[in-house]
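For reference, the structure is listed below as C-alpha coordinates.
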Amino acid sequence: GDANEPPEAQPSDDAPADEGPASEARAGCSLDCTNAHGTTSCVNGACVPVCATGYADCDADVANGCEANLEADPSHCGTCNKVCVVDSGSPICTSGVCGTSSCATGTGDCDGNAGNGCETNLNTSTANCRFCGSACTNANGSTSCAGGTCKPACSAGFGDCDGNVTNGCETPVN
(Lines give C-alpha, C1' and ligand atoms only; values in the text may rest on other atoms or scores of the structure.)
Protein backbone atom coordinates (compact mmCIF):
# COMPACT_ATOMS: atom_id res chain seq x y z
CA GLY A 1 0.00 0.00 0.00
CA ASP A 2 0.80 3.68 -0.18
CA ALA A 3 3.06 5.02 2.62
CA ASN A 4 0.47 7.79 3.22
CA GLU A 5 -2.37 5.33 3.90
CA PRO A 6 -3.12 4.52 7.56
CA PRO A 7 -2.22 0.98 8.62
CA GLU A 8 -5.02 -1.58 8.70
CA ALA A 9 -6.74 -1.87 12.08
CA GLN A 10 -5.70 -4.94 14.01
CA PRO A 11 -8.09 -6.83 16.30
CA SER A 12 -7.52 -6.38 20.01
CA ASP A 13 -8.15 -8.76 22.91
CA ASP A 14 -10.65 -6.36 24.41
CA ALA A 15 -12.98 -6.37 21.40
CA PRO A 16 -16.50 -7.60 22.25
CA ALA A 17 -17.20 -11.15 21.06
CA ASP A 18 -19.88 -9.98 18.64
CA GLU A 19 -17.58 -7.66 16.64
CA GLY A 20 -15.55 -8.99 13.72
CA PRO A 21 -14.73 -12.60 12.99
CA ALA A 22 -15.06 -14.83 16.04
CA SER A 23 -11.50 -16.15 15.75
CA GLU A 24 -10.06 -12.62 15.78
CA ALA A 25 -12.34 -11.04 18.38
CA ARG A 26 -12.05 -13.99 20.79
CA ALA A 27 -8.26 -14.32 20.50
CA GLY A 28 -6.99 -15.56 23.84
CA CYS A 29 -10.46 -16.37 25.16
CA SER A 30 -11.76 -19.83 25.89
CA LEU A 31 -14.43 -20.79 23.40
CA ASP A 32 -16.15 -22.66 26.26
CA CYS A 33 -17.41 -19.45 27.89
CA THR A 34 -21.20 -19.55 27.94
CA ASN A 35 -23.88 -17.34 29.41
CA ALA A 36 -27.46 -18.55 29.42
CA HIS A 37 -28.71 -15.24 30.85
CA GLY A 38 -26.84 -12.58 28.87
CA THR A 39 -23.88 -12.28 26.53
CA THR A 40 -20.12 -12.77 26.83
CA SER A 41 -17.35 -10.43 25.72
CA CYS A 42 -13.61 -10.93 25.60
CA VAL A 43 -11.54 -8.46 27.66
CA ASN A 44 -7.74 -8.78 27.84
CA GLY A 45 -7.94 -12.45 26.82
CA ALA A 46 -10.59 -13.37 29.41
CA CYS A 47 -14.29 -14.06 28.95
CA VAL A 48 -16.47 -11.57 30.81
CA PRO A 49 -20.22 -12.15 31.26
CA VAL A 50 -22.59 -9.28 30.50
CA CYS A 51 -25.78 -10.03 32.40
CA ALA A 52 -29.36 -9.60 31.23
CA THR A 53 -31.62 -7.54 33.49
CA GLY A 54 -32.48 -9.47 36.65
CA TYR A 55 -29.45 -11.78 36.49
CA ALA A 56 -25.93 -11.55 37.95
CA ASP A 57 -22.62 -13.41 38.05
CA CYS A 58 -22.66 -14.05 41.82
CA ASP A 59 -20.11 -16.88 41.95
CA ALA A 60 -17.45 -15.03 39.84
CA ASP A 61 -17.16 -18.13 37.62
CA VAL A 62 -16.95 -16.87 34.02
CA ALA A 63 -17.59 -20.40 32.76
CA ASN A 64 -21.24 -20.30 33.84
CA GLY A 65 -21.94 -16.62 33.13
CA CYS A 66 -24.85 -14.93 34.86
CA GLU A 67 -26.12 -17.88 36.89
CA ALA A 68 -28.13 -16.06 39.57
CA ASN A 69 -31.76 -14.98 39.08
CA LEU A 70 -31.95 -11.91 41.34
CA GLU A 71 -35.72 -11.70 40.88
CA ALA A 72 -36.59 -15.20 42.14
CA ASP A 73 -33.66 -16.99 43.82
CA PRO A 74 -33.96 -16.91 47.64
CA SER A 75 -30.16 -17.34 47.85
CA HIS A 76 -29.52 -14.19 45.75
CA CYS A 77 -32.65 -12.07 46.27
CA GLY A 78 -32.29 -8.61 44.72
CA THR A 79 -28.49 -8.77 44.96
CA CYS A 80 -25.76 -11.41 45.11
CA ASN A 81 -25.59 -13.43 48.33
CA LYS A 82 -28.66 -11.80 49.92
CA VAL A 83 -30.20 -14.91 51.44
CA CYS A 84 -33.87 -14.80 52.42
CA VAL A 85 -34.29 -16.09 55.99
CA VAL A 86 -37.64 -16.78 57.66
CA ASP A 87 -38.64 -18.03 61.11
CA SER A 88 -41.31 -20.39 59.80
CA GLY A 89 -42.53 -21.41 56.36
CA SER A 90 -40.25 -21.37 53.34
CA PRO A 91 -38.23 -18.37 52.13
CA ILE A 92 -39.18 -17.01 48.71
CA CYS A 93 -37.92 -14.18 46.53
CA THR A 94 -40.47 -12.31 44.44
CA SER A 95 -39.32 -9.46 42.19
CA GLY A 96 -36.10 -9.24 44.20
CA VAL A 97 -37.85 -8.95 47.59
CA CYS A 98 -37.69 -11.63 50.30
CA GLY A 99 -40.91 -13.10 51.61
CA THR A 100 -42.35 -16.15 53.29
CA SER A 101 -44.25 -18.94 51.61
CA SER A 102 -46.74 -20.96 53.54
CA CYS A 103 -45.84 -23.87 51.29
CA ALA A 104 -43.96 -26.85 52.67
CA THR A 105 -40.30 -27.13 51.74
CA GLY A 106 -39.96 -28.49 48.20
CA THR A 107 -43.30 -27.09 47.01
CA GLY A 108 -44.33 -23.70 45.66
CA ASP A 109 -47.31 -21.63 44.60
CA CYS A 110 -45.78 -20.94 41.19
CA ASP A 111 -48.98 -20.00 39.39
CA GLY A 112 -50.00 -17.45 42.06
CA ASN A 113 -53.45 -19.02 42.36
CA ALA A 114 -54.32 -19.30 46.06
CA GLY A 115 -57.22 -21.58 45.12
CA ASN A 116 -54.91 -24.50 44.25
CA GLY A 117 -52.32 -23.73 46.93
CA CYS A 118 -48.79 -25.06 46.63
CA GLU A 119 -49.34 -26.89 43.36
CA THR A 120 -45.74 -27.21 42.16
CA ASN A 121 -43.19 -29.84 43.24
CA LEU A 122 -39.96 -27.81 43.15
CA ASN A 123 -37.91 -31.03 43.36
CA THR A 124 -39.21 -32.42 40.04
CA SER A 125 -40.72 -29.58 37.95
CA THR A 126 -38.57 -28.69 34.92
CA ALA A 127 -40.42 -25.34 34.67
CA ASN A 128 -39.80 -24.53 38.36
CA CYS A 129 -36.74 -26.44 39.56
CA ARG A 130 -35.68 -25.52 43.14
CA PHE A 131 -37.72 -22.29 43.10
CA CYS A 132 -40.60 -20.83 41.07
CA GLY A 133 -39.46 -19.44 37.74
CA SER A 134 -36.23 -21.47 37.55
CA ALA A 135 -36.68 -23.42 34.32
CA CYS A 136 -34.34 -26.20 33.19
CA THR A 137 -33.31 -25.59 29.56
CA ASN A 138 -31.22 -27.54 27.11
CA ALA A 139 -31.10 -26.58 23.42
CA ASN A 140 -29.20 -29.77 22.53
CA GLY A 141 -31.11 -32.43 24.42
CA SER A 142 -33.65 -32.75 27.21
CA THR A 143 -33.66 -31.99 30.92
CA SER A 144 -35.16 -33.29 34.10
CA CYS A 145 -35.33 -31.83 37.60
CA ALA A 146 -34.20 -34.18 40.37
CA GLY A 147 -33.91 -33.04 43.97
CA GLY A 148 -34.31 -29.41 42.85
CA THR A 149 -31.35 -29.58 40.44
CA CYS A 150 -31.58 -29.49 36.64
CA LYS A 151 -30.09 -32.60 35.00
CA PRO A 152 -29.31 -32.31 31.27
CA ALA A 153 -29.49 -35.34 28.97
CA CYS A 154 -27.50 -34.69 25.80
CA SER A 155 -28.52 -35.43 22.23
CA ALA A 156 -26.04 -37.39 20.12
CA GLY A 157 -23.08 -35.21 19.21
CA PHE A 158 -23.33 -32.86 22.22
CA GLY A 159 -21.92 -32.87 25.74
CA ASP A 160 -22.22 -30.93 29.00
CA CYS A 161 -18.51 -30.11 29.11
CA ASP A 162 -18.63 -27.08 31.41
CA GLY A 163 -20.71 -28.74 34.15
CA ASN A 164 -23.12 -25.79 34.10
CA VAL A 165 -26.63 -27.26 34.33
CA THR A 166 -28.25 -23.95 33.34
CA ASN A 167 -26.97 -24.14 29.75
CA GLY A 168 -27.42 -27.89 29.23
CA CYS A 169 -25.38 -29.64 26.56
CA GLU A 170 -23.49 -26.67 25.17
CA THR A 171 -20.57 -28.33 23.40
CA PRO A 172 -20.49 -30.22 20.08
CA VAL A 173 -18.36 -33.33 20.71
CA ASN A 174 -18.14 -34.84 17.23
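Residues that are free of Cβ contacts under 8 Å to residues at least 12 places away in the same chain and closer than 27 Å to Asn167 by Cβ within the stretch 65-122 comprise Ser75, Val83, Asp111, listed in sequence order. Of all residues in the stretch 84-105, those satisfying the criterion of being in contact with a Gly (Cβ under 7 Å, 6 or more places away or on another chain) and open to solvent by 50 Å² or more (accessible area, probe 1.4 Å) are Ile92, Val97, Thr100, Ser102.
Would you be able to tell me the number of residues in the stretch 152-169 that are of a type in the set (Asp, Glu) and touching a Cys at 6+ places or on another chain (Cβ under 7 Å)? Spell out the reasoning first.
Of the stretch 152-169, the ones of a type in the set (Asp, Glu) are 160, 162.
Filter once more, keeping what is touching a Cys at 6+ places or on another chain (Cβ under 7 Å): 160.
Residues meeting the conditions: 1.
The residue that is nearest to Cys129 (Cα to Cα), counting only those in the stretch 25-67 that are among the charged types (D, E, K, R) and modelled with pLDDT of 85 or more, is Glu67. When the criteria are applied in full, Gly99 meets the requirement of being over 30 Å from Asn174 (Cα atoms), among the small types (Gly, Ala, Ser) and assigned to a strand (DSSP E or B).
Screening the candidates Asn128, Asn81 for the property of being part of a loop (DSSP other than H, G, I, E, B), open to solvent by 60 Å² or more (accessible area, probe 1.4 Å) and out of contact with any His (no Cβ under 9 Å at 6 or more places or on another chain) yields one hit, Asn81.
A quick yes/no check of all residues on (1) surrounded by 13 or more Cβ atoms within 10 Å (Cβ to Cβ); (2) touching a helix residue (DSSP H, G or I) at 6+ places or on another chain (Cβ under 6 Å); (3) of a type in the set (A, V, I, L, M):
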| site | (1), (2), (3) |
| --- | --- |
| Ala60 | no, no, yes |
| Gly65 | yes, no, no |
| Leu70 | yes, no, yes |
| His76 | yes, no, no |
| Thr107 | yes, no, no |
| Ala114 | no, no, yes |
| Gly133 | yes, no, no |
| Cys136 | yes, no, no |
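Within the stretch 52-64, the set of residues being in contact with a strand residue (DSSP E or B) (Cβ under 6 Å, 6 or more places away or on another chain) and either in a loop (DSSP other than H, G, I, E, B) or in contact (Cβ under 8 Å) with a residue 60 or more places away in the chain (or both) comprises Ala52, Asp57, Cys58. If the condition is being open to solvent by less than 60 Å² (accessible area, probe 1.4 Å) and among the hydrophobic types (A, V, I, L, M, F, W, C), then the stretch 155-174 contributes Val165, Cys169.
Restricted to the stretch 132-159, and to residues that are within 14 Å of the chain's Cα centre (by Cα) and part of a loop (DSSP other than H, G, I, E, B), which residue is nearest to Asp109 (Cα to Cα)? Out of the qualifying residues, it is Gly133.
The values are calculated or read from the model by the stated rules, or taken from the named source; none is laboratory data. Everything numeric in this text was worked out from a predicted model, so none of it was measured. Here Cβ is always computed from backbone atoms with ideal geometry, including for glycine, and neighbour counts include all displayed protein chains. Accessible surface is based on the protein model in full, side chains and every heavy atom, while ligands, DNA and RNA are left aside. Shrake-Rupley method; radii C 1.70, N 1.55, O 1.52, S 1.80 Å.
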